[in-house]
Amino acid sequence: MKLKRFLLRYYPPGIILEYVRSNGEQETKSIDLLNLSNDTDVDQLVEEIVMEEPIISESRKPQLAALIRKLIEKIESKKEQQFELFKTLKAHMLPLTNCAFNKNGDKFITGSYDRTCKVWDTFTGEEIVSLEGHKNVVYCIAFNNPFGDRVVTGSFDKTAKIWDASSGKCLQTLVGHNYEIVCTSFDPHSLIVATGSMDKTARLWDVESGKQIARLDGHDGEIVSLHFNSDGDKLLTGSFDKTAMIWDVRSGECIHMLDEHTGEISSTQFEFTGDYCATGSIDKTCKIWDIKTGKCIETLRGHKDEVQDICFNSTGTRLVTVSADATGRVYNVHTGECISQLLGHKGEISKVQFNPSGNKIITASADNTARIFSETGECLQVLEGHTDEIFSCSFNYEGDIIITGSKDNTCKIWKEANLPVKKK
């Protein structure tokens, strides 16, 4: 084997080895560096990596050290950061349902009760294309990140559609659900789409052919959340039947049923390494589960009302939960300890997200504001201007642009202050 080059992965931090086998085949291997900080001894870390990876020669050590320092610089940057309103888009004639970035952050999508999904240019605020063809509300939407050339839409018309993100052409219509589709996602390789429905099933579809690969039966209530792990070989579903299920994507079989909540599941997520997943519930708790055993290893308590949303940071060391009690809580994943509370909202919080580097958290609330917090609980900024409940908020991959979606029927783009406007 011969090392060809190093590739940087900023979030979560890591280095990818691109190498060529003796038979000429090119392959990659990821080295996860999830605990990088200013305190990291770079030279010692380089020695440890070279010991583990004999493919890296002595002569490559200075290059490896320089890349690790670049990663640390990226992680530590943007701690002093303020956002300003860049554009307000009256995106649709009828209320919005969701909005989401592609990985680069140069495009985002909005879904609406007007039965369309629109693709937007982030830097100009202009509509690129309107995805039209559904016969009812477009409720859930997603890009096929990291590629960003496809969009999937799930609708109350019981179908999902796969679209070309540039031309707006409908490539596939996924037919099979008996009731409304309320959640959808591409797998990380953009080969499979998962859909979850009020018909109590999730389904897996082949992206290229549009054919159903598997029907995932087992829940006794509407499926409201689904999430692929980083490898794309497992799917996590959460249901109003108070359970979550982990599925083997290849076989379509249920690996574990996670059934210790006493209320409906509201949100689910895998953490990056795939060792754990988490479930939030209207029973006011969030639970962390061991993927191998299916056992609950932590029950995170403290909220006084239902947990509405949860999010791991990109390295899987922190988990944030938000609640109808108008607060958020940040937990240490490994100890289950609550390390900070996010206070200040005057209405229930429905959405939360870490920024890619994991040092900031954004929350969306029924008090018409979004707030940016540090992971220690300090409120860094309040994003004001919406005139109704904010139900969606998202950072782009670089962490320097935010979109918020509101029931006031607008979508706002917020940019880091002093960030130049890019020309098309």
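The values are calculated or read from the model by the stated rules, or taken from the named source; none is laboratory data. Bear in mind that the values here come from a model prediction, so they are computed numbers and not experimental data. Ideal geometry is used to build each Cβ from the backbone, glycine not excepted, and the neighbour counts take in all protein chains shown. The accessibility values were calculated without ligands, DNA or RNA, using every heavy atom of the protein model including side chains. Shrake-Rupley method; radii C 1.70, N 1.55, O 1.52, S 1.80 Å.
Among the residues of segment 219-230, is any modelled with pLDDT under 95 and either outside any strand (DSSP E or B) or open to solvent by less than 20 Å² (accessible area, probe 1.4 Å) (or both)?
Step one: list which residues in segment 219-230 are modelled with pLDDT under 95, which gives 230.
Those left that are additionally either outside any strand (DSSP E or B) or open to solvent by less than 20 Å² (accessible area, probe 1.4 Å) (or both): 230.
Yes, that holds for at least one residue.
How do the pairs read when you match residues in segment 311-323 that are free of Cβ contacts under 8 Å to residues at least 40 places away in the same chain with residues anywhere that are of a type in the set (Asp, Glu), using Cβ under 6 Å and keeping only pairs 6 or more apart or on different chains?
323/305
Suppose we filter segment 129-157 for residues that are over 17 Å from residue 110 (Cβ atoms), among the basic types (Lys, Arg) and in contact (Cβ under 8 Å) with a residue 40 or more places away in the chain; how many remain?
Residues that pass the stated criteria total 0.
Here is a check on your reading of the model: is residue 56 open to solvent by less than 90 Å² (accessible area, probe 1.4 Å) and at pLDDT below 90?
Details: open to solvent by less than 90 Å² (accessible area, probe 1.4 Å): yes; at pLDDT below 90: no.
It is false that residue 56 is open to solvent by less than 90 Å² (accessible area, probe 1.4 Å) and at pLDDT below 90.
Do any strands (runs of 3 or more DSSP E) entirely within segment 346-419 hold 2 or more residues that are under 23 Å from residue 319 (Cβ atoms), small (Gly, Ala, Ser) and touching a residue at least 12 places away in the same chain (Cβ under 8 Å), and if so, which?
Passing ranges, in order: 360-365, 370-374, 390-395.
For segment 138-172, give me each residue that is assigned to a strand (DSSP E or B) and over 16 Å from residue 114 (Cα atoms). Spell out how you get there, then give the answer.
Just the residues of segment 138-172 that are assigned to a strand (DSSP E or B), to begin with: 138-143, 150-155, 159-164, 170-172.
Within segment 138-172, 142, 143, 150, 151, 152, 162, 163, 164, 170, 171, 172 qualify.
Name the residue, out of 70, 74, 90, that is open to solvent by 90 Å² or more (accessible area, probe 1.4 Å), under 30 Å from residue 412 (Cβ atoms) and under 29 Å from the mean Cα position of the chain (by Cα).
Values: 70 fails: under 30 Å from residue 412 (Cβ atoms); 74 fails: open to solvent by 90 Å² or more (accessible area, probe 1.4 Å).
Being open to solvent by 90 Å² or more (accessible area, probe 1.4 Å), under 30 Å from residue 412 (Cβ atoms) and under 29 Å from the mean Cα position of the chain (by Cα) holds for just one of 70, 74, 90, which is 90.
Residue check, residue 252 against (1) of a type outside the set (D, E, K, R); (2) closer than 19 Å to residue 144 by Cβ; (3) at pLDDT 95 or above, all met but one. Which one?
Going through (1) of a type outside the set (D, E, K, R); (2) closer than 19 Å to residue 144 by Cβ; (3) at pLDDT 95 or above one by one, residue 252 breaks only (2).
Among the listed residues 167, 130, 155, which satisfies the condition of being surrounded by fewer than 21 Cβ atoms within 10 Å (Cβ to Cβ), among the hydroxyl-bearing types (Ser, Thr, Tyr) and closer than 21 Å to residue 209 by Cβ?
Testing whether each residue is surrounded by fewer than 21 Cβ atoms within 10 Å (Cβ to Cβ), among the hydroxyl-bearing types (Ser, Thr, Tyr) and closer than 21 Å to residue 209 by Cβ leaves just 167.
Which numbered condition trips up residue 110, out of (1) among the polar types (S, T, N, Q); (2) part of a strand (DSSP E or B); (3) surrounded by fewer than 20 Cβ atoms within 10 Å (Cβ to Cβ)?
That leaves (3) as the condition not met.
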